[in-house]
Amino acid sequence: MTSRGKIGWLVPVGVVLSAVICAVLVWSWHQASTANEWVTHTSDVRAAAFELRGHILAAELEQHSELLTGDLTRRRAFVAETRHVFEDLGRVRDLTRDDAKQSAQLRDVGALARTFFDRLSGAMDTRDRAGTAAALMEMRSTGAASFGDALRQRIDDVLAEEDALLAEREQRASTMNLYALLELVGASLVLGTIGTYAFQTRRTVRVVDAERRRFGAIFQNATDAMILFDGRLVVHDANRAALEVLERDREDVVGQRTSDLAPAVPTLAWRKPYHGQSTLGRPPRIIDMTTTPDVLEGTHLAVIRDVTRRARVEEARRVLVEASEVLASPTDDDDVLRKLAEVVVKGFAKGCRVAIAEGDELRLVADAKVDPDIALPADVTRHWPGSLKRVVRTGHGELHPAPGEASVMIVPICGHRRTLGALLIASPKTGRLYGPDDLAVAEDLGRRAGMAIEQLRALARERDANRTKDEFLATVSHELRTPLTAILGWSRLMPSLPPKEVAKGITTIERNATALARLVDDVLDVSRIITGKLQIAQEPLDLADVLRACLRVVEPMARAKSIVIDSHIGPCPFYGDAGRLQQVFWNLLSNAVKFTPTGGRVSCTLEREGANVTVTVRDNGRGIEPDFMPFVFDRFRQHDSSTTRTFGGLGLGLAIVRHPVELH
């Protein structure tokens with residue numbers, strides 16, 4: 001029962017109780033007043049009886065005085081007293097007319113008084129006729145004195161009865177007055193208590209009403225969603241924030257059961273103190289709910305906070321942390337991207353596809369789903385591969401929150417200077433709806449993935465470079481050891497050889513020293529290329545002359561292997577560095593001769609097309625594998641870099657060819 005209900009119940013009860021108390025008080029005061037009136041009445045009877053007795057005595061004295069003195073004024077006084085006696089007797093009768101016994105006694109008193117006064121009057125008349133002695137004799141003979149005594153006795157009896165009645169009535173009046181006083185005090189206490197309780201209750205009601213208004217103001221203006229409901233889980237009221245969270249009007253909320261408003265919230269959470277998280281609405285939002293029972297009489301309060309954004313931020317932070325751990329793992333690109341897709345699916349998606357750009361095409365690297373046995377819906381796969389290619393081309397993420405369809409984000413995997421691929425993240429139409437914040441997180445993932453891939457590729461290149469350097473050092477050691485061995489061997493043998501053999505030894509030493517010088521020059525040229533110190537001295541020249549000079553140098557090598565060199569060379573004026581161009585052509589031709597089998601054929605052509613000049617060297621050797629073609633001009637790279645390879649060399653020739661050509 002509410003405080004207003006208590007006041008409503010107290011008012012009629014207080015009125016009835018007050019009426020009863022007032023009635024009791026009126027009755028008590030009536031009884032006390034009646035008792036007091038009877039006391040007054042008895043006192044009046046006694047006073048009248050005393051006056052009657054006094055007037056009888058006075059009349060009797062006046063009669064005796066008149067008999068003895070004969071004074072006529074005494075007779076007139078006697079007559080007046082006699083009149084007073086009968087007036088007093090009449091008044092006493094009026095006062096005692098309700099008392100039958102007293103009335104009977106007063107009738108006897110009246111009869112005695114008439115007889116007594118008749119005798120007195122008769123004696124006075126006798127005195128006038130016969131004198132005083134005769135009058136006195138007549139009074140003795142008529143017994144006037146005895147009648148007077150009897151009259152006084154009767155009056156004394158009336159007074160005695162009235163005295164007894166007066167004592168009784170005074171005691172009764174005292175008792176009734178005491179009862180009335182006690183009842184008045186009791187009624188005052190009761191009414192005071194009721195009044196105090198009513199006042200306190202009214203003040204409490206005012207305080208409660210003020211608190212209700214204050215609570216109502218806080219309730220309606222609170223930024224948190226608040227719902228008031230009863231023990232039957234029926235909603236009584238909801239504030240504006242709750243209507244916004246529930247996305248309903250007040251008419252659609254009040255009177256509804258809580259389970260209809262938030263089906264995902266367990267029923268037990270509404271029935272007892274509760275604090276936890278759940279989901280609400282479609283697409284689902286994350287809510288933080290606190291239930292407090294009996295905030296008002298019979299009314300419970302549920303406070304709901306939409307923590308979707310905070311939960312998404314925490315989720316994004318967790319996904320980014322896990323993704324960073326995965327991206328930092330030392331493995332290959334594809335494995336990292338597959339693990340990244342699993343992290344994304346575990347974090348905030350139902351499906352994730354990762355594709356790497358290879359030229360104009362995309363290669364699917366990872367296709368992760370929450371349920372591997374269920375394929376991605378058509379509203380997700382329709383973005384493959386067109387939307388991904390567009391994202392790779394533009395480098396900008398796309399958000400596809402189509403109503404009634406899956407929510408899809410497509411973000412680029414961005415490297416330092418180029419887009420390496422794309423990341424597709426999808427949530428079904430019954431799941432979460434991605435927004436700009438989610439897109440920002442996904443783009444951050446794409447950037448981190450791009451940096452991780454570039455770092456992995458850089459590490460791979462560094463490992464390849466280190467391996468190449470090691471192979472190069474091994475090759476250099478092998479290439480240097482062969483001529484050095486020949487030089488050292490002949491230099492030790494020459495002191496003991498005949499002159500003919502000494503000339504042969506000098507020729508061998510010179511040939512190997514030339515090979516060593518060429519190796520050192522190649523290494524120095526590569527060093528100049530790496531440090532950017534390789535320079536060219538351009539001057540007018542004829543490329544045909546430079547190319548023919550190189551052909552003359554390699555012709556002895558070709559004749560040694562019975563290789564035929566076909567050349568188609570015409571005049572070709574050019575502006576360049578003759579020495580560097582000769583180095584380029586010599587490397588190309590020497591490689592062709594070296595890798596062409598005995599009896600093979602090498603062709604060399606020189607062609608001009610406008611401002612461009614093309615020099616083509618072909619041979620019918622075993623050729624270059626397609627997989628090695630992207631690396632054929634790299635430093636320290638050889639198709640066969642093993643120490644047991646058939647052909648020697650440091651793998652620097654084509655690298656040296658590339659840089660001077662680029663400088664021209």
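Scanning region 169-185 for residues that are within 18 Å of residue 40 (Cα to Cα), among the hydrophobic types (A, V, I, L, M, F, W, C) and either open to solvent by 70 Å² or more (accessible area, probe 1.4 Å) or without any contact (Cβ under 8 Å) to a residue 12 or more places away in the chain (or both) yields a count of 1. Screening residue 572 with (1) within 14 Å of residue 661 (Cα to Cα); (2) touching a strand residue (DSSP E or B) at 6+ places or on another chain (Cβ under 6 Å); (3) open to solvent by less than 50 Å² (accessible area, probe 1.4 Å); (4) in contact (Cβ under 8 Å) with a residue 24 or more places away in the chain gives one miss only, at (1). Candidates in region 586-601 are the residues that are of a type in the set (S, T, N, Q) and farther than 19 Å from residue 625 by Cα; of these, the one that is surrounded by the fewest Cβ atoms within 10 Å (Cβ to Cβ) is 598.
Every listed requirement among (1) among the small types (Gly, Ala, Ser); (2) modelled with pLDDT of 85 or more; (3) open to solvent by 30 Å² or more (accessible area, probe 1.4 Å) is met by residue 65 save one, (2).
Conditions tested, residue by residue: (1) in contact (Cβ under 8 Å) with a residue 24 or more places away in the chain; (2) outside any helix (DSSP H, G or I); (3) not aliphatic (A, V, I, L, M).
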position	(1), (2), (3)
494	no, no, no
506	no, no, no
509	no, no, no
521	no, no, yes
554	yes, no, no
565	yes, yes, no
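Quick check: anything in region 17-33 touching a Lys or Arg at 6+ places or on another chain (Cβ under 8 Å), open to solvent by less than 90 Å² (accessible area, probe 1.4 Å) and touching a residue at least 12 places away in the same chain (Cβ under 8 Å)? No, every residue in region 17-33 fails to be touching a Lys or Arg at 6+ places or on another chain (Cβ under 8 Å), open to solvent by less than 90 Å² (accessible area, probe 1.4 Å) and touching a residue at least 12 places away in the same chain (Cβ under 8 Å). Residue 580 passes every criterion in (1) out of contact with any helix residue (DSSP H, G or I) (no Cβ under 7 Å at 6 or more places or on another chain); (2) in contact (Cβ under 8 Å) with a residue 60 or more places away in the chain; (3) among the basic types (Lys, Arg) apart from (1).
Residues considered: 82, 96, 42, 115. Of these, the only one that is among the polar types (S, T, N, Q) and open to solvent by 40 Å² or more (accessible area, probe 1.4 Å) is 115. Kindly provide the set of residues from region 316-341 that are out of contact with any Gly (no Cβ under 7 Å at 6 or more places or on another chain) and surrounded by fewer than 16 Cβ atoms within 10 Å (Cβ to Cβ), ordered by number. Within region 316-341, 317, 321, 324, 325, 328, 329, 330, 331, 332, 334, 335 meet the criteria.
For region 290-314, filtering for residues that are surrounded by fewer than 17 Cβ atoms within 10 Å (Cβ to Cβ), within 18 Å of the chain's Cα centre (by Cα) and not hydrophobic (A, V, I, L, M, F, W, C) leaves 5. Pairs linking a residue in region 613-624 that is free of Cβ contacts under 8 Å to residues at least 24 places away in the same chain to a residue that is part of a strand (DSSP E or B), with Cβ atoms under 7 Å and 6 or more positions apart or on different chains, are 614/607; 616/605.
Total residues in region 609-626 satisfying the condition of being assigned to a loop (DSSP other than H, G, I, E, B) and at pLDDT 85 or above: the figure is 1. Select from region 226-240 the residues that are among the hydrophobic types (A, V, I, L, M, F, W, C), touching a Lys or Arg at 6+ places or on another chain (Cβ under 9 Å) and surrounded by 15 or more Cβ atoms within 10 Å (Cβ to Cβ) and write down the one among them that is nearest to residue 285 (Cα to Cα). In this case the residue turns out to be 238. Checking 476, 391 one by one, the residue that is hydrophobic (A, V, I, L, M, F, W, C) and at pLDDT 80 or above is 391 and no other.
The values are calculated or read from the model by the stated rules, or taken from the named source; none is laboratory data. Just so it is clear, the model here is predicted, and its values are computed rather than measured. Cβ: placed from backbone, ideal geometry, glycine included. Neighbour counts: every protein chain shown. Side chains are part of the model used for accessible areas, which takes the heavy atoms of the whole protein and leaves out ligands, DNA and RNA. Shrake-Rupley method; radii C 1.70, N 1.55, O 1.52, S 1.80 Å.
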